[in-house]
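Student: Here it is, the structure, as structure tokens.
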């Protein structure tokens, strides 16, 4: 049996009753977290572009564009909603041979669930299975070093998650994978070179294509096969060979990977999360910022490579660089005493005061911290004081790490902070109550209705 077939059989045969209680609880937290991230990006330019295209150029459908009363086909709604979830880089993370943001799958899951009238239990199951497939594939082979974007694995996971909700047979699920993976693989250039709006839309596009692939498969379309093992297939052209054993997956012999994903407490690249927490802890012990002579950040190799290796990280000129700049992020933690979505305004990363402080921050790879990776994403922040003396703080597992998980209250606080005034207090309570009791719900449409922003773009007269 080929990999596409074995994954499809796993997804087809796994049922809600095989989910353990913690997996269900964590799945609900990730849905709540993703909704918050989406609302935080509601007014971002890439989201506006997608919403405008959806409203002007596509016919009405069954799936809601989040935050509005616009309804479009599931693939188009998933593209806009997926861009919203990903745009702030505040959604969840999984680190393995290939990194992943598995909550990106939720754009496809929620759009198809609304189209199909899926129950809350079906949504939680499809979410868990999409996470499982993407994370297990990320465990198998690195893609980015070969020039491909991590969303290639998302084509498979979103196609299977969407197909599960559509009630596809194992053969139809296989064909959905064949079509999606054979035709829509993205280049890693999306995350290198000149930053673009597409960075936050790449997986959203994969979700759109995955849904369309599943719809085609449901009607009888077949795709190139065997898509992984073929002479010009995924192994040969993209990843290199690997093995996948669904018998070790969650619901079979192993634990569900969803529980191993990380939620972010700060809107910054994940390798900086514990550094931000450490910097804030050190700053609480300093009476005056003027007492700081210099700051040293000790980090793991991956953190250094992602956040401090390149010269532009030391004087970011764009938001897309600033939120991946160790010197800037840590400077703002000291200067403002916080890191949030307001951190990345141009008035901050172009501010001479911020740049001067950032110039006092040295970032170095630490072999001991690298040895702890990826079990722990540790950072140590040390401050040398002008009057003599020093302060240091090391944090191994920031809030949101599987060993230091966010509670429902933490996720809800993040949700409310990101939503701001876009929803009323009553709406936010309705949304949270719905998510926390999702397994008891008959469908997702009431959730989407509760998420409508007053004065949304589909009703200009309400503004």
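The values are calculated or read from the model by the stated rules, or taken from the named source; none is laboratory data. None of these values were measured; they are calculated from a predicted model. Using ideal geometry, Cβ is built from the backbone for each residue, glycine included, and neighbour counts are taken over all protein chains shown.
Student: Looking only at residues in region 389-409 that are free of Cβ contacts under 8 Å to residues at least 40 places away in the same chain and not in a strand (DSSP E or B), which one is farthest from the chain's Cα centre (by Cα)?
Tutor: 389
Yes/no per residue for (1) under 25 Å from the mean Cα position of the chain (by Cα); (2) assigned to a loop (DSSP other than H, G, I, E, B); (3) touching a residue at least 24 places away in the same chain (Cβ under 8 Å):
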residue: 231; (1), (2), (3): no, yes, no
residue: 252; (1), (2), (3): no, yes, yes
residue: 264; (1), (2), (3): yes, yes, yes
residue: 275; (1), (2), (3): yes, no, yes
residue: 282; (1), (2), (3): no, no, yes
residue: 298; (1), (2), (3): no, no, yes
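Student: Considering every residue within region 316-327, establish whether at least one is within 21 Å of residue 390 (Cβ to Cβ) and either in contact with a helix residue (DSSP H, G or I) (Cβ under 9 Å, 6 or more places away or on another chain) or not in a loop (DSSP other than H, G, I, E, B) (or both).
Tutor: Scanning region 316-327 turns up at least one residue that is within 21 Å of residue 390 (Cβ to Cβ) and either in contact with a helix residue (DSSP H, G or I) (Cβ under 9 Å, 6 or more places away or on another chain) or not in a loop (DSSP other than H, G, I, E, B) (or both).
Student: Looking at 286, 185, 227, which one is assigned to a loop (DSSP other than H, G, I, E, B) and modelled with pLDDT under 95?
Tutor: 286
Student: Also, I was wondering about something else. Out of curiosity, is residue 242 crowded, with 17+ Cβ neighbours inside 10 Å and under 20 Å from residue 5 (Cα atoms)?
Tutor: In short, no.
Student: In addition: Give 66, 19 a once-over and let me know the one that is touching a residue at least 40 places away in the same chain (Cβ under 8 Å) and farther than 28 Å from residue 139 by Cβ.
Tutor: That would be 66, the only listed residue that is touching a residue at least 40 places away in the same chain (Cβ under 8 Å) and farther than 28 Å from residue 139 by Cβ.
Student: Here is a check on your reading of the model: is residue 230 within 19 Å of residue 161 (Cβ to Cβ) and in the same structural domain as residue 162 (by TED's automatic domain parsing)?
Tutor: For residue 230, the condition - within 19 Å of residue 161 (Cβ to Cβ) and in the same structural domain as residue 162 (by TED's automatic domain parsing) - is not met.
Student: Out of 49, 80, 24, I need the residue that is more than 23 Å from residue 416 (Cβ to Cβ) and either out of contact with any strand residue (DSSP E or B) (no Cβ under 8 Å at 6 or more places or on another chain) or crowded, with 22+ Cβ neighbours inside 10 Å (or both). Which one?
Tutor: 49
Student: Now for a separate question. One residue is enough: does region 372-388 have a residue meeting the conditions without any contact (Cβ under 8 Å) to a residue 12 or more places away in the chain, part of a strand (DSSP E or B) and within 29 Å of residue 139 (Cα to Cα)?
Tutor: no
Student: I would also like to ask the following. For region 353-361, indicate whether the set of residues that are part of a loop (DSSP other than H, G, I, E, B), over 16 Å from residue 290 (Cβ atoms), out of contact with any helix residue (DSSP H, G or I) (no Cβ under 8 Å at 6 or more places or on another chain) and in contact (Cβ under 8 Å) with a residue 40 or more places away in the chain is non-empty.
Tutor: Scanning region 353-361 turns up no residue that is part of a loop (DSSP other than H, G, I, E, B), over 16 Å from residue 290 (Cβ atoms), out of contact with any helix residue (DSSP H, G or I) (no Cβ under 8 Å at 6 or more places or on another chain) and in contact (Cβ under 8 Å) with a residue 40 or more places away in the chain.
Student: Since residue 265 meets every condition but one in (1) surrounded by 23 or more Cβ atoms within 10 Å (Cβ to Cβ); (2) farther than 22 Å from residue 192 by Cα, which condition does it not meet?
Tutor: So residue 265 meets the others, but not (1).
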